[in-house]
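Each reported figure results from applying straightforward, stated rules to the coordinates on display, with no laboratory input. Since the model is a prediction, treat every value here as computed from it, not as a measurement. In this analysis, Cβ positions are derived from the backbone assuming ideal geometry, glycine residues included, and neighbour counts consider all displayed protein chains.
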Amino acid sequence: MDSNKKTIISQALEKGISYNQYVLLVKDLVAEKSTTGEEKTEALINYTLLNDRRLKRWNKTLKVSENQIERLSNHSKKITWLVLTESWCGDAAHVMPAINKVVELNDAIDLKVVLRDENIELMDAFLTNGNQSIPKLIMIDSESEEVLNSYGPRPSDATKLVDDYKKKHGKLTPEFKEDLQKWYNKDKGQNTVIDLLNLLDL
């Protein structure tokens with residue numbers, strides 16, 4: 001990894017906040033009728049309000065199976081998951097609680113959250129198909145600070161749904177986005193948890 005990228009990651013890690021701090025930030029923004037990010041449009045403010053509810057729901061209800069907990073116990077390498085997100089992001093509201101749930105179950109994994117619009121250089125180093133898609137998880141070896149892998153913006157099954165729809169229709173419609181939210185509600189974070197265990201090679 002080149003030294004410039006290492007510096008960008010190191011600076012992001014220094015200002016990264018915990019998941020609980022991120023949840024509180026979203027809650028405070030709702031109280032202020034605001035949002036993270038450069039744009040403060042009414043639509044994005046409304047998405048932040050919606051996502052505050054989603055975060056609360058998944059933080060309470062998201063489950064990890066006994067088998068998955070056992071698999072997680074086999075991971076001992078100290079790593080950091082640095083996640084780029086924004087409070088208005090519909091995918092992040094479903095994916096972030098699953099990331100945090102896995103982190104809570106393994107002391108070797110440290111989670112840091114940063115905002116995309118405040119870390120554009122970092123975002124541009126981890127694009128998805130040329131896009132600044134979030135949430136984006138960067139997996140870093142905590143000791144060597146080398147990037148091991150990255151993940152996001154969506155769980156694997158949702159990614160396939162999106163890719164298939166784009167191939168057929170050219171772009172995502174409001175109707176499809178609604179269907180995607182229904183998919184997340186039905187999946188209950190399970191696809192993300194499975195993907196994260198695969199990311200850890202468990």
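Results, tabulated for the structure shown:
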read-out: Other-chain or far-sequence residues with amide H under 5 Å of residue 110's (modelled H); value: 79, 80, 81
read-out: Qualifying GluC sites (Glu not before Pro) for region 1-96 [loop in DSSP, other Cβ within 10 Å: at most 14]; value: 32, 38, 39
read-out: Helix runs (DSSP H) in the chain reaching 15 Å along axis by Cα, Kyte-Doolittle at least -1.0; value: 3-15, 19-31, 90-104
read-out: Estimated distance in nm for a label pair at residue 132 and residue 21, the labels positioned 7 Å out from Cα along Cα-to-Cβ; value: 2.2 nm
read-out: Relative contact order (percent, whole number), region 3-199, Cα cutoff 8 Å, 6+ residue spacing; value: 24 percent
read-out: Three-way shape label, region 109-191, alpha-carbon gyration tensor, a/c 1.5; value: prolate
read-out: Region 163-202, dipole about Cα centre (Lys/Arg Cβ +1, Asp/Glu Cβ -1), debye to the nearest 20; value: 200 debye
read-out: Cβ charges +1 (Lys, Arg) and -1 (Asp, Glu), total dipole of the chain, debye; value: 760 debye
read-out: Reachable lysines from residue 78, criterion Cα separation under 19 angstrom, eight or more residues apart if same chain; value: 6, 101, 112
read-out: Within region 49-84, backbone nitrogen closer than 19 Å to the virtual label 7 Å beyond the Cα of residue 33 toward Cβ; value: 49-53
read-out: Inter-probe distance in nm under a simple model that places probes 7 Å from Cα toward Cβ, at residue 145 and residue 201; value: 2.3 nm
read-out: Sites matching GluC sites (Glu not before Pro) across region 98-181 that sit in DSSP coil, with at most 12 neighbouring C-beta atoms within 10 Å; value: 143, 146
read-out: Selected from 140, 115, 58, residue furthest toward positive end of dipole (the chain; charges at beta carbon); value: 58
read-out: Most positive-pole-ward Cα, 94, 153, 169, against dipole of region 3-199 from beta carbon charges; value: 169
read-out: Förster radius 25 Å - calculated FRET efficiency between residue 108 and residue 6 (Cβ-Cβ, nearest 0.05); value: 0.70
read-out: Most mobile of 138, 120, 109 in a GNM of the chain (Cα contacts under 10 Å); value: 120
